[in-house]
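Please read the structure below before turning to the comments.
The values are calculated or read from the model by the stated rules, or taken from the named source; none is laboratory data. Keep in mind that this is a model prediction, so the values were computed, not measured. Here the Cβ positions follow ideal geometry from the backbone for every residue, glycine too, while neighbour counts run over all protein chains shown. Keep in mind that these areas ignore ligands, DNA and RNA; they rest on the heavy atoms of the full protein, side chains included. Shrake-Rupley method; radii C 1.70, N 1.55, O 1.52, S 1.80 Å.
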Amino acid sequence: MEYGLLAETYARAEATAKRLELADLVKGLLEETPVDLVRPVIYLSQGRIAPDFQGIELGLSEKLTIGAIAGVAGVQEKEVVTKRNELGDLGSAAERLLSKKSQATLFRSPLTVESVFAKLQDIARTAGTGSQDKKLKILRLMLSESEPYEAKYLVRTVMGKLRLGIQDATVLDALAAMITYGKVETVTEMDEETRRRREEAKAALEYANDVSSDLGLVAETALKAIKEAERRLSGETEEALTGKALEAVKQIRLTVGVPLRAMLAERLSSAEEIVDKLGGKAALEYKYDGLRIQAHLDDKGTVKLFSRRLEDLTPQFPDVAEALRGAFEGKEAVVEGEAVAVDAESGRMLPFQAVSQRRGRKYGITERAEASQSQVFGVQEGVARRGAEKITEIPIATYLFDVLYLDGEELIRTPYEERRKRLAAAFDETARVKHARLEVVEDPAALESFMQDALAHGAEGIMAKSLSGVYKAGNREWQWIKYKADYVEGIADTLDLVVVGAFHGQGRRKGWYGAFLLASWNPDDARFETVCRVATGFDDQQLQELRERLEPKAIDVPPKDLFLKLVEKPDVWLEPELVMEVSGAEITLSPVHSCAWGMVRPDAGLAVRFPRFTDRLREDKGPTDTTTPDEIVALYQRQVKVTGQATAE
Ligand code: AMP
């Protein structure tokens, strides 16, 4: 299969933000894809080469990529940088520079998906001494074989910046249409029978994706099965063929040791709204201020811990693993909880910053120390050694709040109420393992009093959960609603935003950055949108560390996928990578920030007024995991509803 077909689809995907159109593009692409290439095509279209949990990352450095482009285009690296500055991204620079060159080249055999995928895997897997040279060689070879328009996407892919906005739900829509022999359309356009079949297919595909966290596997299984059924059962009805495909999809089960994507919470800012939203009855839990952990306990006694981003946290938290094993009565389980640092003597909960120290990567310096040390000791060893020093210093208690699997039984579609019962029966409470505090309420006053209780005990608020809610991996639905204390001071919640620029400090802050330009990722339009400039909440040490950490990320022009309305440009543009948590007084209409542009009012975006860094870097979030423009609109509207008027910046 020619890579050019993929690149053409990408170009069309870039030109649209409509989900249905995207799903239709994906469907068209998959129809052209031989079954044994479905997995690579899915991974590549989402800018990766394997499911996230495998931790295989591309992310080649900009320097190396520039070197490769220069080599292939036969120009100086300087010229590549100039082109990038002129065009805004390295992919477009590669396309332009190679197109000059390619007129001279007469014949070349087309680049295939197979070879691109294999070479990208080689790049990702090459490690150790001399690996940079080897990666450079592979990339150069690949670029020399590619057409200019292909080079554009290859460059973005190797740098981990493809970002086409093809989300899991989009691919699932395409697959559901394919295996039910329909077209991509909204459910309202379907007749009742079509809708029923489509929803059944979608539910099965979604479930398989939830338990496997591997969209490539789900797509391959579904399409392989339908093709096979068509071949073997000619003459059968379409419905029977669909049935065969669904049977195969339903064979995909949860595997202990393979993490599920974390379910996420919505937010509301009043007790009434929460009780109302949950149908008059809500299960309340403390919202613990720590690190989310998904623990997999297998029947051999091994425990693996995963972060919200599906990274393996076991080396940093061997004590948590051991404590969970000790508290578990059964053989196999997958549970979720919040790991919270506690005071070694009193057992009192400590704020988030303490547990993040145990994670050993609060700010840039620590991270670099970790990297240099890991070269000497090997990653795991280095981390584990430092971990051991911190274990006694900062003990952790894990507050369990969910169970997804128990001794052979998948529980993700079991109602929450039942899951909590099963959790309580399977895990004992010990000094280091607790059940998240739980109370069921039916009126707002009781919710408020539980909130006060939570805050008094050092929690950051409460989580209200639907008693009948199921576990939807990676989804933000109204089954879980967070309610935090911050709204008393301002906005109903903190925002997680990615740093895209910085302003030089003045006076005492000279030599550091004194303020940062923050943005929100808009998954629908696949772009970053600016939200505010934050200058408060940092201490000197943090500013120094942030400078050291961010300086290497500086670029000369705004990031390619940044949507800008700003007049006052930052002194330095930064690759969107680091996510910060900020609070603020309110969300206001803004003529200069592009967040949710035109969604509330024509020619206006939304901004955070009086933003403040909350002392929390969201290391557990990537640049595309920020609070979204939609969520910011919701915060704005709620505020307007409460105060009864809109404010302008
Ligand atoms: P946020 O990151 O502010 O969107 O809030 C969601 C996070 O709260 C989850 O990812 C967990 O890490 C954390 N959390 C703390 N306590 C709970 C709880 N009882 N249930 C679910 N999540 C919780």
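Across all Cα atoms of the stretch 47-158, the radius of gyration (one decimal) and Dmax (whole number) stand at 13.6, 43 Å.
For a test of the definition: using alpha carbon positions, the gyration tensor, and the 1.5 limit on a/c, classify the stretch 125-164 as rounded, prolate or oblate.
oblate
Loop-located GluC sites (Glu not before Pro) in the stretch 442-507 (DSSP state other than H, G, I, E, B) with a sparse environment of at most 13 neighbouring Cβ atoms within 10 Å: Glu442, Glu489.
Each of Pro552, Leu574, Ser594 was scored by the projection of its Cα onto the charge dipole of the stretch 542-628, and the greatest displacement toward the positive side belongs to Ser594; charges sit on the C-beta of Lys, Arg, Asp and Glu. What is the distance in Å between the Cα centroid of the stretch 567-621 and that of the stretch 199-215? The two parts, judged by their Cα centres, are 34 Å apart. Of the GluC sites (Glu not before Pro) in the stretch 524-582, the ones in a loop by DSSP (not H, G, I, E or B) with at most 13 other beta carbons within 10 Å are Glu568. Accessible surface calculations at 1.4 Å, restricted to protein heavy atoms, place the stretch 489-532 at 30 Å² per residue.
Stretching the chain fully between Glu577 and Glu32 yields a gain of 192.8 nm (0.36 nm per residue, less the alpha carbon separation). Exposed loop sites were defined as chymotrypsin sites (Phe, Trp or Tyr not before Pro) in DSSP loop states (anything but H, G, I, E or B) carrying at most 16 other C-beta atoms within 10 Å; in the chain the longest segment without such a site runs 182-649. Please list, by residue number, every one of the trypsin sites (Lys or Arg not before Pro) in the stretch 488-554 that is coil in DSSP and has at most 12 other beta-carbon atoms within 10 Å. Within the stretch 488-554, the qualifying trypsin sites (Lys or Arg not before Pro) (loop, at most 12 other Cβ atoms within 10 Å) are Lys510. Dipole of the chain computed with +1 at Lys/Arg Cβ and -1 at Asp/Glu Cβ about the Cα centre; of Tyr288, Pro351, Leu497, farthest Cα towards the positive end is Leu497. A 1.4 Å probe, protein heavy atoms only, puts the accessible area of Val600 near 50 Å².
Each residue of the stretch 610-625 is assigned a 3J(HN,Hα), and the resulting list reads 6, x, 9, 5, 8, 6, 9, 8, 8, 5, 7, 10, x, x, 9, 9 Hz, derived from the Karplus form 6.51 cos²θ - 1.76 cosθ + 1.60 (θ = phi - 60°), x at Gly and Pro. In percent, rounded to a whole number, the relative contact order of the stretch 551-591 is 44, using alpha-carbon pairs under 8 Å and six or more apart. Neighbours of Pro34 by Cβ distance under 13 Å: Lys/Arg scored +1, Asp/Glu scored -1, total -3. With the convex hull drawn around the C-alpha atoms of the stretch 274-314, the volume per residue stands at 128 Å³. Once backbone amide H atoms are built at 1.01 Å from N, Leu562 has Phe528 as its partners under 5 Å, excluding neighbours fewer than 5 places away on the same chain. Phi angles of the stretch 302-307 translate, via the Karplus equation with coefficients 6.51, -1.76, 1.60 and θ = phi - 60°, into HN-Hα couplings of 7, 10, 10, 10, 10, 7 Hz per residue; Gly and Pro are given as x.
How would the stretch 184-328 be classified by its alpha-carbon gyration tensor: rounded, prolate or oblate, with rounded meaning a/c under 1.5 and the a/b versus b/c comparison settling the rest? In terms of gyration-tensor shape, oblate. Our coupling estimate for the stretch 337-349, obtained by passing each phi through the Karplus curve with A = 6.51, B = -1.76, C = 1.60 and θ = phi - 60°, is x, 10, 8, 10, 6, 10, 5, 4, 8, 8, x, 5, 6 Hz, Gly and Pro reported as x. Per the Kirkwood formula applied to alpha carbons, the stretch 481-552 shows a radius of gyration over Rh ratio, Rg over Rh, of 1.04. When shorter helices are ignored and each DSSP H run of at least 4 residues is given -39500 (n - 2.57), the per-residue value for the chain at 222 nm works out to -13000 deg cm²/dmol.
Using 29 Å as the Cα-Cα cut-off, could you pick out the over-long pairs in Lys135/Lys202; Lys202/Lys565; Lys482/Lys565; Lys18/Lys565; Lys18/Lys100? Correct reply: Lys135/Lys202; Lys202/Lys565; Lys482/Lys565; Lys18/Lys100.
Along each principal axis, taking the top coordinate minus the bottom one, the Cα set of the stretch 168-249 gives 34, 29, 15 Å in descending order. Across the stretch 491-643, C-alpha contacts under 8 Å between residues 6 or more apart give a mean separation that, scaled by the residue count, equals a relative contact order of 29 percent. What does the C-alpha gyration tensor say about the overall shape of the chain? Classify as rounded when a/c is under 1.5, otherwise prolate if a/b is larger than b/c, or oblate. Rounded.
In this structure the stretch 168-249 gives 44 Å² per residue of accessible area when probed at 1.4 Å with all protein chains present.
When a 1.4 Å probe is rolled over the protein heavy atoms, the share of accessible surface on the chain that falls to carbon and sulfur comes to 48 percent. For the stretch 421-542, the Kirkwood estimate of the hydrodynamic radius, built from every pair of different alpha carbons, is 18.6 Å. In the assembled protein chains, Glu77 presents an accessible area of approximately 100 Å² (probe radius 1.4 Å). What separates the Cα centres of the stretch 231-288 and the stretch 544-563 is a distance of 38 Å. As a length-normalised measure over Cα pairs under 8 Å and 6 or more apart, the relative contact order of the chain settles at 12 percent.
Can you give the charge dipole size of the chain about its Cα centre, rounded to the nearest 20 debye, using +1 on the beta carbon of Lys and Arg and -1 on the beta carbon of Asp and Glu? All intermediate terms of the calculation are to be shown ahead of the outcome.
Numbers: 90 positive and 107 negative charges, 357 e Å.
Taking the Cα centre of the chain as origin, the dipole is about 1720 debye.
Note on the stretch 491-643: Cα Rg divided by 2.2 N^0.38 Å, N the number of residues, gives 0.97.
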